[in-house]
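J.: Below are the structure tokens for one structure; questions will follow.
The values are calculated or read from the model by the stated rules, or taken from the named source; none is laboratory data. All of these numbers come straight from a predicted model, not from anything done at the bench. Ideal geometry is used to build each Cβ from the backbone, glycine not excepted, and the neighbour counts take in all protein chains shown.
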């Protein structure tokens with residue numbers, strides 16, 4: 001079973017994991033090993049290297065934004081350059097949502113980082129190519145949550 | 001922190017995160033986590049208190065840090081079933097993080113998903129769709145497929161785009177369900193919403209890749225796809241989908257991908273997309289990465305379908321332009337693409353050879369690696385000299401992880417396209433000097449074989465290697481070849497004059513110094529020292545003044561700790577003392593080694609250790625000593641006189657092979673005694689025995705057996721009836737010029753007193769001219785420390801008539 005994208009990892013320069021999204025089923029042990037391998041490989045890269053690595057039968061696309069590494073694994077026949085654009089799009093979405101997003105935002109609001117991701121990608125594929133559409137969906141979902149909470153916190157008769 | 005009014009943060013969650021982060025040690029962190037998990041567990045057990053989503057979120061955070069969180073699985077199931085959106089949201093997130101299809105708990109959420117798929121609120125539907133597409137098991141997929149199909153047809157775009165990707169997941173999990181979604185997928189192509197279109201294209205790609213028949217049916221959509229692409233490429237600015245001037249690059253790339261699949265191996269479909277592809281290739285702005293992403297996909301499509309040649313050239317030229325791009329990502333993907341087509345579009349790629357070779361100097365290791373692969377693929381007979389210059393330059397400064405590959409690539413290229421032997425040898429030497437530590441084991445025998453074959457270059461080669469040795473003795477493969485050459489061609493080295501290089505005066509001491517340095521250096525591996533010792537020994541027949549120095553070197557190593565070296569030294573000592581009359585023959589110049597001949601793989605007959613021939617890894621000196629007297633009886637000429645009797649030595653290689661194969665069969669790694677004892681010459685009974693010699697208690701009888709019209713086997717049997725033991729008993733034989741003689745190894749070399757044991761030796765003769773057969777035999781032995789020699793002529797052979805027929 002092939003998916004365009006296999007997994008997406010976000011980690012800090014010290015190798016601390018900030019987000020993990022797996023697009024194919026994998027055991028906990030496999031996930032831990034992949035996380036170890038990715039952090040080791042990516043953190044060892046020289047500053048002026050290209051953003052593509054080979055790992056097993058996959059291509060690994062990585063890019064550093066401030067203190068966070070974004071690491072996306074794609075199938076061998078996928079387009080690396082557009083994968084870089086996928087990473088960039090996600091960063092833009094986070095940035096719009098949090099306003100000048102930094103690593104701390106993602107640490108303290110990790111669940112929101114996931115919600116945003118789930119409006120952009122599903123099952124390892126892009127679901128929405130318009131930035132505005134994704135933003136609107138997130139805002140609407142947040143509103144729904146607020147409304148429900150307000151409603152629930154009102155005293156019942 | 002954030003200025004945007006996003007939803008209010010989860011205070012309990014953030015407090016916990018702060019507490020964890022303020023832990024100063026791993027131990028402290030574990031303590032905090034344990035406390036928090038206990039609290040979370042307690043909260044799970046309590047009744048609904050409005051803080052459940054925060055609780056589960058805490059657990060998910062802890063899980064991301066790497067701590068176990070399986071006790072939260074049931075809570076996820078409960079939360080998903082909750083009517084509250086906030087709880088559903090976190091519940092589904094938890095399910096995607098903690099559950100996979102292998103857990104039993106995942107089955108429990110099937111019902112919730114089913115219900116939520118038809119929820120009145122699209123954001124709840126969205127949660128269910130997302131989760132199904134993420135972790136839906138095969139059963140869940142089968143169960144919910146009809147529902148997904150319904151959503152594909154009758155819902156808003158927000159839901160349709162998600163349903164499409166759900167369908168993709170379902171089809172990946174359960175192939176047979178593909179058929180169900182074909183109609184819906186087809187009709188989705190007429191949607192205007194980009195998200196839905198993108199999902200539709202992905203779904204169609206999946207359906208086509210899984211089922212060739214489906215692919216046939218979807219070929220009809222090519223004109224529609226072309227239309228959509230045209231709209232994207234030629235339309236004006238669209239704010240909603242614009243990325244740096246490109247309108248929805250993600251969708252464009254996906255459509256190009258689908259076109260590739262549909263056009264592959266199909267002329268008609270390829271024709272109908274030809275114009276579009278040319279348009280995309282020429283109109284797409286290549287100044288930004290995103291434009292290049294689209295161009296890249298276009299190139300891949302053009303090269304994969306049955307495009308016309310003009311379009312192909314256009315595509316390869318785009319790759320050529322990519323090679324010159326400042327962005328190393330672009331250079332990298334250009335090279336991977338060129339690598340894929342270097343076989344099919346070789347000439348087109350050759351046009352960009354200069355740029356590719358320049359990339360060997362790129363800073364980036366991945367780019368360098370790709371450039372190396374491509375460069376090696378582009379080497380041809382016409383560019384070998386210039387390409388090799390570049391490759392050798394690369395080798396001298398390339399990253400260590402690429403050296404072995406570069407070295408072997410260079411060797412292959414040199415072997416295929418070497419314009420001359422001298423160039424070939426020079427190139428291999430250059431590689432050994434630059435990267436000797438990274439070459440494969442068989443390089444040493446390969447190079448030696450090459451050198452022996454270039455007989456006019458022996459003088460040049462040995463001079464060059466000698467000079468290299470003086471500069472650096474750390475590269476083992478280089479040192480081994482150099483030692484071998486100095487040993488083998490030492491006479492040429494000492495002669496001094498060589499046409500191809502500057503004359504340099506090398507004295508015998510110089511050469512021996514060089515070898516001794518290798519012998520004594522801690523950098524030399526045991527194998528290398530073996531080479532050096534043998535080379536030293538070989539020089540004993542090629543120099544005139546300093547043989548004593550060699551003798552002393554050899555005797556010193558007779559007590560070397562290294563067993564292999566000690567063995568050799570002992571044997572070479574023996575060669576000096578007991579077998580000195582054979583030394584010249586044993587150490588004479590090797591014949592040319594044929595490629596793939598047994599002699600080639602077994603290494604040199606003078607006893608070098610060859611690492612990759614385990615069965616032949618026995619004490620090499622000894623079998624040779626047993627064999628050599630059988631063959632190399634050339635110096636008998638002097639001893640026996642009689643000009644018409646010359647010998648017919650068999651080729652050294654032949655002899656070595658038969659000897660080694662015989663010994664290898666019986667005694668892999670056995671010691672001297674086994675080898676001596678283990679060789680059983682064939683008995684030739686009941687042939688008549690004739691007494692040929694009888695003196696001093698030593699008798700020699702012989703018997704014969706005709707093998708063919710011209711072939712004859714003679715068996716000599718020696719016995720000692722005296723009262724003293726005889727040692728170092730050897731027989732040598734000489735026959736008339738046209739007769740071929742081959743002496744097999746004797747059964748032993750000691751004749752104990754009073755005939756308690758005999759020595760037998762077989763001699764194989766071939767008399768093609770049918771001359772009068774005569775044989776002179778020389779008997780040598782040591783009795784009580786004193787050597788003794790005698791000769792006898794045999795004029796008649798039992799079993800043959802007077803003329804020796």
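J.: For the range B:256-284, how many residues meet the condition of being within 14 Å of another protein chain (Cβ to nearest Cβ) and not in a helix (DSSP H, G or I)?
T.: 2
J.: In the range B:305-336, which residues are more than 15 Å from residue B:349 (Cα to Cα), buried (at least 20 other Cβ atoms within 10 Å of the Cβ) and more than 9 Å from chain A (Cβ to nearest Cβ)?
T.: Scanning the range B:305-336 gives B:305, B:307.
J.: Could you please find all residues in the range A:7-19 being without any contact (Cβ under 8 Å) to a residue 24 or more places away in the chain and either at the interface with another protein chain (Cβ under 9 Å from one of its Cβ atoms) or assigned to a strand (DSSP E or B) (or both)? First the steps, then the outcome.
T.: Taking the range A:7-19 first, the residues without any contact (Cβ under 8 Å) to a residue 24 or more places away in the chain are A:14, A:16-17.
Matches in the range A:7-19: A:16, A:17.
J.: Something else about it: List the helices (runs of 4 or more DSSP H) that sit entirely inside the range B:151-237 and contain at least 1 residues that are within 14 Å of chain A (Cβ to nearest Cβ).
T.: Numbers: elements: B:157-173, B:178-188, B:194-210, B:212-218, B:222-234.
Qualifying helices (runs of 4 or more DSSP H): B:157-173, B:178-188, B:194-210, B:222-234.
J.: Let me ask another. Out of the range B:343-376, which residues are away from every other protein chain (no Cβ under 14 Å), buried (at least 18 other Cβ atoms within 10 Å of the Cβ) and under 25 Å from the mean Cα position of the chain (by Cα)?
T.: B:356, B:357, B:360, B:372, B:374, B:375, B:376
J.: Right, residue A:96: at the interface with another protein chain (Cβ under 10 Å from one of its Cβ atoms) and either on the phi < 0 side of the Ramachandran plot or in contact with a strand residue (DSSP E or B) (Cβ under 9 Å, 6 or more places away or on another chain) (or both) or not? Quick ask: steps written out before the conclusion?
T.: On the way: at the interface with another protein chain (Cβ under 10 Å from one of its Cβ atoms): yes; either on the phi < 0 side of the Ramachandran plot or in contact with a strand residue (DSSP E or B) (Cβ under 9 Å, 6 or more places away or on another chain) (or both): yes.
So residue A:96 passes the test.
J.: Answer yes or no as to whether residue B:432 is touching a residue at least 40 places away in the same chain (Cβ under 8 Å) and part of a helix (DSSP H, G or I). Spell out how you get there, then give the answer.
T.: Working: touching a residue at least 40 places away in the same chain (Cβ under 8 Å): yes; part of a helix (DSSP H, G or I): yes.
So residue B:432 passes the test.
J.: Report whether or not residue B:253 is within 13 Å of chain A (Cβ to nearest Cβ), in contact with a strand residue (DSSP E or B) (Cβ under 7 Å, 6 or more places away or on another chain) and in a helix (DSSP H, G or I). Give the steps one after another, and end with the answer.
T.: On the way: within 13 Å of chain A (Cβ to nearest Cβ): yes; in contact with a strand residue (DSSP E or B) (Cβ under 7 Å, 6 or more places away or on another chain): no; in a helix (DSSP H, G or I): yes.
Answer is no for this residue.
J.: Suppose we filter B:435, B:407, B:418 for residues that are crowded, with 17+ Cβ neighbours inside 10 Å, at pLDDT 90 or above and under 21 Å from the mean Cα position of the chain (by Cα); which single one remains? Lay out the reasoning, then the answer.
T.: Working: B:435 fails: at pLDDT 90 or above; B:418 fails: under 21 Å from the mean Cα position of the chain (by Cα).
Criteria check complete, one pass: B:407.
J.: Looking at (1) touching a residue at least 40 places away in the same chain (Cβ under 8 Å); (2) surrounded by 14 or more Cβ atoms within 10 Å (Cβ to Cβ); (3) under 15 Å from residue B:539 (Cα atoms), find the lone condition where residue B:478 falls short.
T.: Every listed condition holds for residue B:478 apart from (3).
J.: Go through (1) at the interface with chain A (Cβ under 9 Å from one of its Cβ atoms); (2) surrounded by 19 or more Cβ atoms within 10 Å (Cβ to Cβ) for residue B:64 and report which single condition fails.
T.: For residue B:64, the failing item is (2).
J.: Just give me the residues in the range A:20-38 being in contact with a strand residue (DSSP E or B) (Cβ under 8 Å, 6 or more places away or on another chain), within 20 Å of residue B:95 (Cβ to Cβ) and more than 9 Å from chain B (Cβ to nearest Cβ), in sequence order.
T.: Selection gives A:24, A:31.
J.: So, in the range B:68-97, exactly how many residues are touching a helix residue (DSSP H, G or I) at 6+ places or on another chain (Cβ under 8 Å) and within 11 Å of chain A (Cβ to nearest Cβ)?
T.: Taking the range B:68-97 as the starting set, the residues that turn out to be touching a helix residue (DSSP H, G or I) at 6+ places or on another chain (Cβ under 8 Å) are B:69-82, B:84-97.
Next cut, within 11 Å of chain A (Cβ to nearest Cβ) only: B:69-70, B:82, B:84-90, B:92-94, B:96-97.
Total satisfying the criteria: 15.
J.: Let me ask another. Which ranges mark the helices (runs of 4 or more DSSP H) fully within the range B:436-547 that have 1 or more residues being under 21 Å from residue B:564 (Cα atoms)? Explain how you work it out, then say what you get.
T.: On the way: elements: B:443-453, B:458-471, B:476-495, B:508-520, B:526-539.
By residue number, B:443-453, B:476-495, B:508-520, B:526-539.
J.: Only one of (1) modelled with pLDDT under 95; (2) at the interface with chain B (Cβ under 10 Å from one of its Cβ atoms); (3) assigned to a helix (DSSP H, G or I) is not met by residue A:150, so which one is it?
T.: Single failed check for residue A:150: (2).
J.: Which of (1) closer than 23 Å to residue B:90 by Cα; (2) at pLDDT 95 or above does residue A:63 not meet, given it meets every other one?
T.: (1)
J.: Follow-up. Which helices (runs of 4 or more DSSP H) sit wholly inside the range B:74-141 and have at least 3 residues that are surrounded by fewer than 19 Cβ atoms within 10 Å (Cβ to Cβ) and free of Cβ contacts under 8 Å to residues at least 40 places away in the same chain?
T.: Values: elements: B:85-98, B:105-108, B:110-117, B:122-135.
Hits in the range B:74-141: B:105-108, B:110-117.
J.: Sticking with this structure for a sec: Name the single residue that is nearest to residue B:489 (Cα to Cα) among those in the range B:563-599 being surrounded by fewer than 14 Cβ atoms within 10 Å (Cβ to Cβ) and at pLDDT 85 or above.
T.: Going through the qualifying residues, I end up with B:577.
For every residue, the table says whether it meets (1) closer than 18 Å to residue A:3 by Cβ; (2) surrounded by fewer than 16 Cβ atoms within 10 Å (Cβ to Cβ); (3) within 11 Å of chain B (Cβ to nearest Cβ).
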{"site": "A:45", "(1), (2), (3)": "no, no, yes"}
{"site": "A:49", "(1), (2), (3)": "no, no, yes"}
{"site": "A:56", "(1), (2), (3)": "yes, yes, no"}
{"site": "A:59", "(1), (2), (3)": "yes, no, yes"}
{"site": "A:117", "(1), (2), (3)": "yes, no, yes"}
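J.: Here's another thing I want to ask about it. Write out, first by first residue and then by second, each pair whose Cβ atoms fall under 9 Å of each other, whose residues are 6+ apart or on separate chains, and whose first residue, in the range B:39-51, is within 14 Å of chain A (Cβ to nearest Cβ) while the second is modelled with pLDDT under 80 and outside any loop (DSSP other than H, G, I, E, B).
T.: Correct list of pairs: B:50/A:149; B:50/A:152; B:50/A:153.
J.: Kindly indicate which of A:103, A:85 is out of contact with any helix residue (DSSP H, G or I) (no Cβ under 8 Å at 6 or more places or on another chain) and either within 26 Å of residue B:58 (Cβ to Cβ) or at the interface with chain B (Cβ under 7 Å from one of its Cβ atoms) (or both). Before you say what the answer is, go through the steps one by one.
T.: Numbers: A:85 fails: out of contact with any helix residue (DSSP H, G or I) (no Cβ under 8 Å at 6 or more places or on another chain).
Only one candidate qualifies: A:103.
J.: I'd like the residue in the range A:119-146 that is assigned to a helix (DSSP H, G or I) and under 12 Å from the mean Cα position of the chain (by Cα) and, out of all such residues, is farthest from the other protein chains (Cβ to nearest Cβ).
T.: Restricting attention to the range A:119-146, the residues satisfying the condition of being assigned to a helix (DSSP H, G or I) are A:119-120, A:131-146.
After this cut, where a residue has to be under 12 Å from the mean Cα position of the chain (by Cα) as well, the list is A:119-120.
Details: A:119: 8, A:120: 10 Å.
Restricting to residues being assigned to a helix (DSSP H, G or I) and under 12 Å from the mean Cα position of the chain (by Cα), the top hit is A:120.
J.: When you scan the range B:458-472, do you find a residue that is buried (at least 24 other Cβ atoms within 10 Å of the Cβ), touching a residue at least 12 places away in the same chain (Cβ under 8 Å), within 20 Å of residue B:588 (Cβ to Cβ) and in contact with a helix residue (DSSP H, G or I) (Cβ under 8 Å, 6 or more places away or on another chain), even just one?
T.: So far as the range B:458-472 goes, yes, one or more of its residues are buried (at least 24 other Cβ atoms within 10 Å of the Cβ), touching a residue at least 12 places away in the same chain (Cβ under 8 Å), within 20 Å of residue B:588 (Cβ to Cβ) and in contact with a helix residue (DSSP H, G or I) (Cβ under 8 Å, 6 or more places away or on another chain).
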